[in-house]
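See structure below.
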């Protein structure tokens, strides 16, 4: 039962194989088994690849089975259409397009399994790329807020400088009226005279202005700091909003690109393995000698071809003979006077009817 199933997978004619030796049946069962297990590997590989895209088991399994059946049908078609010939070069030339197709199928099958085999290494590469993308995303978003924040920070520094400059001015006035009282500067008279009082009043006025400036600028600085805090909150919200896009950067294409950044040699050997599996049925048919199955299949096809050629020749002869007979029949009929008189009578009646119809139409117009 299993052998018959694998023979079916090989695309061989079971009726012909029934009359062949057990060795021929075993050979084609082996070719069919290779075709079947290649389709199984294709199903597993495509299901995993589709799972990375849809993240759903049912969808991945469904389309994986469809892909596996497609690969099975292609492999079965490739193997069944290779016919054994007496010239190896002619056989190889016949198999060249099929080998090229097998290479393409091997690449398609191997790539998803490489993604699974090197999953941990790929995750590491993706993690590094996500970290780089996160930093780049923060820097890019910061460009939208940095100029405004820097301008607001500069305004705060200007307001603080105004206070500092005013404090310096008030301290200088304080030193002036104290020096006047001690007789070190100004009138150099010790005591609190009129000049001292004048300088003291000026200091007190500027001190009051300083207090008012401190209050005003402190309120302005608080308002600007609130704007900076709002911008910082908006910036963090933008980062939080865009981060899921970066976190989800692990689709099929991203994993393929990450795989390409890994050393190529392990992936290349896996590809060679699947290439050997995929091309093994074709190579087996090319290298195997012409067996009883090939001879019987060639005999059957030759018999059908001969029968087709014979039937075509007979049809050609039949058409030629029928044409000659018809020519003779019509030539004989053309010489009969009775047929001539009959056609002449009908032609006269037809021309009379045309003349009557033309007369009636012209009369109606007038």
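Here, each number is a calculation from the coordinates, and none is a lab measurement. Worth saying up front: this structure is predicted, and the values here are computed from it rather than measured. Cβ atoms come from the backbone with ideal geometry, glycine included; neighbour counts cover every protein chain shown.
Considering only 274, 89, 249, give the residue with the highest GNM mean-square fluctuation for the chain, with springs between Cα atoms whenever their separation is below 10 Å.
Result: 89 has the largest fluctuation of those listed.
Please determine, in degrees from 0 to 90 and to the nearest 10, the orientation of helix 57-80 with respect to the longest principal axis defined by the Cα atoms of the chain, where the helix direction is its Cα long axis.
It is inclined by approximately 40 degrees.
Go through 217-223, 308-314 and give me the packing order, highest mean Cβ count within 10 Å leading.
Output ranking for 217-223, 308-314: 217-223, 308-314.
Please build a GNM for the chain, connecting alpha carbons under 10 Å apart, and tell me which residue among 172, 39, 12 fluctuates the most.
Largest GNM mean-square fluctuation: 172.
On the principal axes of its Cα set, how long, how wide and how thick is the stretch 143-249? Give whole Å, largest value first.
Principal-axis extents of the Cα atoms in the stretch 143-249, largest first: 83, 19, 15 Å.
Taking Cα atoms, how many degrees apart are the long axis of helix 88-117 and the longest axis of the chain, rounded to 10 and kept between 0 and 90?
Computed tilt is about 30 degrees.
So how do 51, 177 line up by other beta-carbon neighbours within 10 Å, fewest first?
Listed from fewest to most nearby Cβ atoms, that is 51, 177.
Put a dot 7 Å past each Cα toward the Cβ at residue 185 and residue 132; how far apart are the dots in nm?
6.4
Residue 234 to residue 175: extension gain in nm, 0.36 nm per residue of separation minus the Cα-Cα distance?
16.4 nm
Any idea how far the Cα center of the stretch 1-54 sits from the one of the stretch 220-243, in Å?
65
What nm value, rounded to one decimal, do you get for the distance between residue 144 and residue 104 when each label is placed 7 Å out toward the C-beta?
Distance between the two pseudo-spin positions: 4.5 nm.
Sort 278, 299, 119, 24 so the one with the fewest other Cβ atoms within 10 Å of its own Cβ comes first.
With the fewest neighbours first, 278, 299, 119, 24 line up as 299, 119, 24, 278.
Report relative contact order for the stretch 143-249 in percent, whole number only (criteria: Cα-Cα under 8 Å, sequence separation at least 6).
30 percent.
Arrange 290, 285 by Cβ neighbour counts within 10 Å, fewest through most, would you?
290, 285
At 222 nm, what helix-only mean residue ellipticity would the chain give, in deg cm²/dmol to the nearest 500, using -39500 (n - 2.57) for each DSSP H run of four or more?
Counting only the DSSP helices, I get -32000 deg cm²/dmol.
I need the semi-axes of the equivalent ellipsoid of the chain: take the C-alpha gyration tensor, multiply each eigenvalue by 5, square-root it, list largest first in whole angstrom.
So the three semi-axes of the chain are 101, 46, 15 Å.
Taking the Cα atoms only, what angle lies between the long axis of helix 337-365 and the longest principal axis of the chain, rounded to 10 degrees?
The answer is roughly 40 degrees.
Once the Cα gyration tensor of the stretch 308-365 is found, what semi-axes does its equivalent ellipsoid get, as square roots of 5 times the eigenvalues, in whole Å, sorted largest first?
46, 18, 4
With a cut-off of 8 Å between alpha carbons and a minimum separation of six or more residues, what is the relative contact order of the chain in percent?
Rounded, it is 22 percent for the chain.
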